[in-house]
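Beneath this line is the structure, given in structure tokens, with notes to follow.
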């Protein structure tokens, strides 16, 4: 009967120690992953210009930029959301926007610059500030 108790103690101690190791490992990996994501995706900004002056500068969170990198259509939604108080964009902001120089992506400086003066709709009316 004593051997059953010793086996039970061994199994319990082993399971408990493995549980502690797994929990500690998961916490360490999550912290490391968050640090790596901040380093890789952090520091990006959106700059909106109109009449050759900056009217908005906004940081992009590393989680949003990670989502944008995983799904490029998110960039269009995000940029249109940022500039919606200032102007309507009636062209595809990703394809036509780069062609018209409406959106300039600078990977070295980690910026997306939106020049509202290049917006085709803005030729009829000046950009408005809220």
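Read-outs throughout are calculated quantities, based only on the coordinates presented, and are distinct from any laboratory measurement. What you are looking at is a predicted structure, and each value in this text was computed from that prediction instead of being measured. Glycine gets a Cβ as well: all are built from the backbone with ideal geometry, and neighbour counts include every protein chain shown.
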Note to self: Cβ neighbours within 10 Å, averaged per peptide: list 15-23, 90-98 in order, most packed at the top.
What the structure shows: 90-98, 15-23
Notebook entry, point to check: Among (i) 13.3, 38; (ii) 28.7, 93; (iii) 25.4, 92, which is the computed Rg and Dmax of the Cα atoms in Å?
Noted result: (iii)
Checklist line | Part-to-part distance (alpha-carbon centres) for segment 65-80 and segment 3-55, which is given in Å | finding: 24 Å
Next item on the list: At 7 Å along the Cα-to-beta-carbon direction for both residue 35 and residue 84, put a label point, then send me their distance in nm to one decimal.
Entry: 3.8 nm
Notebook entry, point to check: Under the rule of -39500 (n - 2.57) per DSSP H run of 4 or more residues, summed and divided by the residues of the chain, what mean residue ellipticity at 222 nm is obtained, to the nearest 500 deg cm²/dmol?
Noted result: -16500 deg cm²/dmol
